[in-house]
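The values are calculated or read from the model by the stated rules, or taken from the named source; none is laboratory data. Everything quoted here is computed from the prediction, not taken from an experiment. Backbone-built Cβ (ideal geometry, glycine too); neighbour counts: all protein chains shown. Accessible surface is based on the protein model in full, side chains and every heavy atom, while ligands, DNA and RNA are left aside. Shrake-Rupley method; radii C 1.70, N 1.55, O 1.52, S 1.80 Å.
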Amino acid sequence: MRTDVNTLGEFGLIEHLTRDFPLLQPSSLKGVGDDAAVIDNGAFCTVVSTDMLVEGIHFDLAYVPIKHLGYKAVVVNLSDIYAMNAFPRQITVSIAISNRYSVEALDDLYAGIRAACEAYGVDLVGGDTTSSPKGMVISITAIGQGEKELLTYRNGARVGDLICITGDLGAAYLGLQLLEREKQLWQENPGIQPDLEDQKYAVGRQLKPEARRDMIETFRKVGLKPTAMIDISDGLASEIFHICKQSKVGALVEESGIPMHPEAELLALKFKLDPATCALNGGEDYELLFTIDPADVEKVKYLPEIYIAGEILDANDGIKLNTKGGNLHDLKAQGWVHF
Ligand code: ADP
Ligand code: MG
């Protein structure tokens, strides 16, 4: 019998493959299923996360400058460490490259990796280099550190907690739509120059995302420990589902509470897309979704770039979206499937 991997989807496949790996080491505090694994080292824990980027699937060098690719490849990994309420310290970088890539191109890739290391204060400490029959694959592992009692997991949300979102959502997805459209126009008509000028914000969010180190620092400053946290890499809806599934709770999300940048909203309308759908099902925002005890609301209420967008409900209440028009829908996590 042969089962197509599409029948399981990405998360189903991960669950299927990892189901028979009980954690035997007492130091393995958290295994598969969160933004990063957690290893107990006494008062401090080591936090580890890996991501792989594949040319043609996750990036297209037709419109992504290779230096930006290096920067982004690091940032997406650091984002998973911050999502644990921990700080990244080191990275390893592994690449598989075809003979299409010159030393100069790889120098540019590493210039981007270096810029991210400098910006976030992490050290490049190793990796692996090998050849690929076609295209490039970049795999980065980020290693971080956090106090055991401050780490935040996906499974800590409780009924009555408030749902918070940092920054704004949807712009990176819309930036990608724009770049894809310009690429297509250019392919049909190589003479024309891409027109991205008035969409700087969305394009910047796609090409040069940042991880929310500032938020993790703010949490320490104001003495806030979220009850649960995840980074928003696959769209808000998918991340809400992860938190609800792991915390065994439901949720009510207010569409009017989902933060969007005005440029992203306008761009969505230009593309005839519903702005909220872009925020819910786009991706690559690398913002944080977290839940807080309502007793902590004063700690976040006046902080810039933190928005309260809903409440955690009992699991029996399901996962609902209250639309701007006042309709209550079941929230659907379309996410994206990469197979
Ligand atoms: P994120 O979107 O935060 O990077 P993923 O959705 O990639 O997280 O992964 C979810 C969880 O599954 C993580 O704990 C990750 O380490 C684990 N995981 C993903 N792929 C595999 C695999 N092939 N084998 C073991 N664990 C995996
Ligand atoms: Mg994550």
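Observations on the structure shown:
- Taking 0.36 nm per residue of separation and subtracting the current Cα-Cα distance, fully stretching the chain between ASP330 and ALA115 would add 73.2 nm.
- For the range 57-99: accessible area per residue (Å², 1.4 Å): 29 Å²
- FRET efficiency, THR7 to VAL32 (Cβ-Cβ, R0 25 Å, nearest 0.05): 0.80
- On the basis of the beta-carbon distance and an R0 of 41 Å, LEU185 and THR130 show a calculated FRET efficiency of 0.70.
- As a length-normalised measure over Cα pairs under 8 Å and 6 or more apart, the relative contact order of the chain settles at 21 percent.
- More than 21 angstrom apart: percent of Cα pairs within the range 162-330: 50 percent
- Stokes-Einstein D (µm²/s) once Rh is taken as the Kirkwood radius of the range 188-227 over alpha-carbon pairs, at 25 °C in 0.890 mPa s: 180 µm²/s
- Cross-linked pairs LYS225/LYS301; LYS30/LYS72; LYS148/LYS225: Cα-Cα separations exceed 20 Å for LYS30/LYS72.
- Cα Rg, Dmax, the range 62-157, angstrom units: 15.0, 48
- Each of GLN145 and LEU303 was given a label point 7 Å from its Cα along the Cα-to-Cβ line. The distance between the two points is 2.3 nm.
- Put simply, the amide H of LEU53, placed in the peptide plane, has neighbours under 5 Å in ILE138, SER139, ILE140, leaving out anything fewer than 5 places away on its chain.
- Within a Gaussian network of the chain (alpha carbon springs, distance under 10 Å), most fluctuating of LEU252, LEU17, LEU207: LEU17
- Residue-averaged [θ]222 nm for the chain, counting only DSSP H segments that reach four residues, each worth -39500 (n - 2.57): -10500 deg cm²/dmol
- Gyration tensor (alpha-carbon) shape descriptor, the range 224-295, a/c threshold 1.5: prolate
- Principal axis box of the range 103-195, alpha-carbon based, largest edge first, Å: 57, 37, 27
- Each Cα pair of the range 5-146 feeds into the Kirkwood radius, which the Stokes-Einstein equation turns, at 10 °C and 1.306 mPa s, into a diffusion coefficient of 97 µm²/s.
- In plain terms, the chain from LEU196 to LEU17 could stretch by 60.2 nm, reckoned as 0.36 nm per residue minus the Cα-Cα distance.
- Eligible aspartates and glutamates near LYS324 by straight Cα distance, threshold 13 Å, same-chain separation 8 or greater: GLU254, GLU255, ASP274
- Here LYS332 is the anchor, and the lysines within straight C-alpha reach of less than 16 Å, apart from those fewer than 8 places off in the same chain, are LYS245, LYS320.
- For ASP314 and ALA43, the difference between the fully extended length at 0.36 nm per residue and the C-alpha to C-alpha distance is 94.2 nm.
- Note on the chain: with a GNM built from Cα contacts shorter than 10 Å, the maximum mean-square fluctuation among PRO88, PRO26, PRO275 falls on PRO26.
- Sparsely packed loop sites in the range 191-268 (the trypsin sites (Lys or Arg not before Pro) outside DSSP H, G, I, E and B with at most 12 other Cβ atoms within 10 Å) comprise LYS248.
- If you take all other residues with their beta carbon under 12 Å from the beta carbon of ASP35, and give Lys and Arg +1 and Asp and Glu -1, the sum is -4.
- Candidates per trypsin sites (Lys or Arg not before Pro) in the range 258-339, loop by DSSP, up to 15 other Cβ within 10 Å: LYS272, LYS324, LYS332
- Shape category assigned to the range 1-55 from the gyration tensor of Cα positions, a/c cut at 1.5: oblate
- With both labels modelled 7 Å from their Cα along Cα-to-Cβ, the ARG100 to ASP274 distance reads 3.8 nm.
- Taking all pairs of distinct alpha-carbon atoms in the chain, Kirkwood radius in angstrom: 21.0 Å
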